[in-house]
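Read through the structure below, which is laid out as structure tokens, and then see the notes.
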Amino acid sequence: MPGDRSSRLRKSIPVLVALVLMTTTMVAARKPEPSPGAVTRTAADYAFTRLPIAYPPGYQPGERTVRPVHPAYSRIQSWISSVGAGIAMNDLDGTGSSADLCVVDSRTDKVVVTPVPGTGTRYTPFVLDPAPLPMDSVMAPMGCVPGDYDEDGRMDLLVYYWGRTPVLFLRDGSRTPLSHRSYTPRELVPAEGPAGGTYRGPRWNSNAVSVADFDGDSHPDIFVGNYFPDSRILDPEGTDDVVMQHSMSHARNAGGGHLLRRTAAGARYTEVPGALPRGQAKGWTLAAAAADIDGDLLPELYIGNDFGPDHLLRNDSSPGRIAFTAVHGRRGPTTPKSKALGNDSFKGMGVDFADLRGRGRFDIFVSNITTSFGLQESNFAFLNDASGPEAARRALKDGRAPFTDRSADLGVAWSGWSWDAKAADFAGGGLPAIVQTNGFVRGDTNRWPELQELAMANDELLRFPQVWPDFEPGDDLSGRQPLSFWAPDGKGGYIDIAERLGIDESIPSRGVALGHSRPGGGPGLAVARQWGAPVYYRNDAPAADRRITLDLRKPVRGDRAPSGGTPAVGAQARITVDGRTTLHQVDGGSGHSGKRDFLLSGGLGDSASAHVEIRWLDTTGTPRRQSLTLNAGRHTLLLDARATEVTKR
């Protein structure tokens with residue numbers, strides 16, 4: 001009967017819809033393979049030369065692949081030991097070029113300062129010495145963040161750890177050449193007890209740091225993102241209670257975030273209670289980045305979390321007061337929940353703000369786990385939907401993040417077990433490529449089946465380490481995944497050309513650093529590898545030097561201050577060439593465990609000059625804006641009430 005047929009048809013509709021969705025999802029999740037010709041054409045614009053990184057005399061990296069861990073974690077020792085390789089590239093000795101590396105070596109748990117390969121032997125590589133600050137065997141460094149924290153015009157270092165709060169290594173300008181005696185260690189968080197005694201401070205387990213002027217007072221503030229709750233994770237004789245995540249998708253039982261505001265001269269910082277929204281303060285943080293989205297020069301903060309949603313926080317701060325509010329992406333009828341910003345259940349292991357399409361506004365690239373037959377999530381390429389700063393401001397005020405994930409459309413959705421990511425114009429063509437580290441634990445026994453079983457278990461069991469499957473030395477989880485190098489293909493998408501460039505070694509990697517070690521040249525890249533030697537790739541692209549490079553700095557007050565000023569962290573430059581505008585910022589530190597330098601550069605293509613609009617906060621916190629026409633090459637601009645070009649440092 002017609003009524004029965006109609007009823008059966010109505011009942012069949014959900015099944016048909018499900019089948020269509022399953023089919024389209026399978027097609028969409030299939031990693032696109034570019035043609036050999038497309039790879040060849042795209043790769044022709046790039047070239048890198050691998051150079052060995054020098055170590056201190058007598059340095060013995062050893063061959064260990066795990067750390068001692070708390071007894072509760074003994075069966076998952078390799079999992080717990082999977083982080084700690086970091087790297088940063090910057091100008092540490094004041095030569096004017098980013099010709100120095102700060103390497104966090106997971107093989108030794110040491111922090112090494114060494115010249116960038118090929119830049120001369122200006123000093124002997126050395127290990128940073130935190131003495132007389134208290135240290136013990138349950139501490140391990142996780143990352144190094146260069147910055148002028150005391151604002152004296154000299155580059156300091158911040159090292160963050162598992163097992164303690166971060167340490168500032170403040171540069172003493174009177175000591176040359178550079179050595180471990182050039183730095184004075186200082187607690188970032190006020191110490192409990194005398195220096196040199198037993199450590200009595202909180203046992204932070206930090207995996208992310210972002211440095212920015214969050215309150216607009218023209219001084220750098222610091223966000224520290226912690227992974228495990230405060231505990232002695234690396235104590236093989238530990239007796240305290242330790243936990244794992246209490247959910248695969250909404251874990252909020254972690255160490256969470258800490259926001260420290262610069263409150264006095266001389267690198268004095270004070271934690272700001274309640275600066276982060278309560279619902280977004282306790283994620284298992286692996287990455288963080290900051291950038292001004294709405295044009296007020298107060299940077300928004302993106303927090304990348306493992307086992308739970310990432311967060312984009314609107315900046316509601318004012319001088320002397322730091323406050324954030326969470327904003328969320330909107331879902332369309334075909335948008336999966338995890339593709340809406342702030343609602344995902346992915347892994348948030350690396351993040352970078354970059355103008356991916358050359359539209360004069362920041363997009364957001366986020367690394368996740370994207371391993372076939374494992375955890376097939378996707379990376380995020382959140383493209384900025386706002387037409388400009390005013391539209392972005394309205395959206396953020398309404399609690400909406402004006403971003404839509406287009407990772408599949410761009411071809412960057414799937415890479416592997418991915419970590420740090422950095423975007424830069426390596427080739428001088430005007431658009432950025434994206435470098436992404438990959439790989440987790442290298443061994444011989446594939447443990448993906450056991451991990452998949454864990455992923456399907458009851459969330460209530462996850463917090464107990466004893467119910468996790470074994471992840472011990474010899475076990476493998478995505479242990480042979482190479483770097484990804486996503487290059488613009490000239491058609492609005494990206495192609496991974498790492499293999500063609502010869503930078504595809506199958507060693508698990510973590511931090512990636514970018515920096516301009518040669519005057520006028522394009523950025524090189526340095527990669528930290530977990531339980532492996534770091535590697536540096538010099539940029540030898542054919543047109544790498546066809547660019548404009550900006551060194552944006554603020555004046556430093558005081559008779560002893562160097563004339564070069566201090567990095568203008570948070571300053572933005574809109575570079576327009578042949579009608580296309582790209583947005584850049586002086587990044588104080590973002591991502592997972594790799595940090596770029598403070599120089600900005602954009603390719604000129606066939607043009608000889610560029611129109612540049614610079615926006616910044618001067619030393620009083622007053623917003624400033626100025627437009628310039630600049631020729632190819634490097635330009636050092638001192639940003640006060642006006643932008644003034646100064647002689648090369």
Checklist outcome for this item: Amide H contacts under 5 Å for ALA287, restricted to residues at least 5 apart in sequence or on another chain and with H modeled in the peptide plane, are GLY304
Checklist outcome for this item: The ³J(HN,Hα) series, computed from each phi in segment 481-488 with the Karplus coefficients 6.51, -1.76 and 1.60 at θ = phi - 60°, rounded to the nearest Hz and given as x for glycine or proline, is 9, x, 4, 10, 10, 8, 10, x
Next on the checklist: Using a Cα-Cα cut-off of under 17 Å, which aspartates and glutamates could be cross-linked to LYS397, ignoring same-chain neighbours fewer than 8 residues away?
Outcome noted: ASP292, ASP294, ASP296, GLU300, ASP316, ASP385
Checklist entry - If you rank TYR73, TYR149 by fewest surrounding Cβ atoms within 10 Å, what's the result? => result TYR73, TYR149
Checklist outcome for this item: Ranked from fewest to most other Cβ atoms within 10 Å of their own Cβ, ARG510, ARG361, ARG278, ARG122 fall in the order ARG278, ARG122, ARG361, ARG510
Checklist entry - Can you give the helix-only mean residue ellipticity at 222 nm for the chain, where every DSSP H stretch with n ≥ 4 adds -39500 (n - 2.57) and the sum goes over all residues, rounded to the nearest 500 deg cm²/dmol? => result -3000 deg cm²/dmol
Item to check | For segment 359-509: relative contact order, % (alpha-carbon pairs under 8 angstrom, 6 or more apart) | outcome: 21 percent
Checklist entry - Ranked highest first by average number of other Cβ atoms within 10 Å, how do 61-69, 205-213, 470-478 line up? => result 205-213, 470-478, 61-69
Checklist entry - On average over all directions, what projected area in square nanometres does segment 447-552 have, based on the convex hull of its Cα atoms? => result 11.2 nm²
Next on the checklist: With the crude spin-label approximation of a point 7 Å out along Cα→Cβ, what separation in nm comes out for LEU628 versus ARG278?
Outcome noted: 4.8 nm
Checklist entry - How many Å³ per residue does the convex hull of the Cα positions in the chain occupy? => result 164 Å³
Item to check | Rounded FRET efficiency, nearest 0.05, which uses the C-beta distance separating SER338 from GLU453 and R0 of 30 Å | outcome: 0.90
Item to check | Residues GLU187, GLU237 arranged by fewest to most Cβ contacts within 10 Å | outcome: GLU237, GLU187
Next on the checklist: Just to check I understand the Karplus step: with θ = phi - 60° and J = 6.51 cos²θ - 1.76 cosθ + 1.60, what whole-Hz values come out for segment 354-362, glycine and proline as x?
Outcome noted: 7, 8, 6, 10, x, 10, x, 8, 7
Next on the checklist: Take the residue pairs LYS339/LYS554; LYS282/LYS339; LYS337/LYS554; LYS110/LYS337; LYS491/LYS554; LYS282/LYS337 and return only those whose Cα atoms are more than 32 Å apart.
Outcome noted: LYS339/LYS554; LYS337/LYS554; LYS110/LYS337; LYS491/LYS554
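All of the numbers you see were taken from the coordinates with simple rules; none came from a lab. As the structure is a prediction and not an experimental result, all values here were calculated from the model. Note that we place each Cβ from the backbone using ideal geometry, even for glycine, and neighbour counts take in every protein chain shown.
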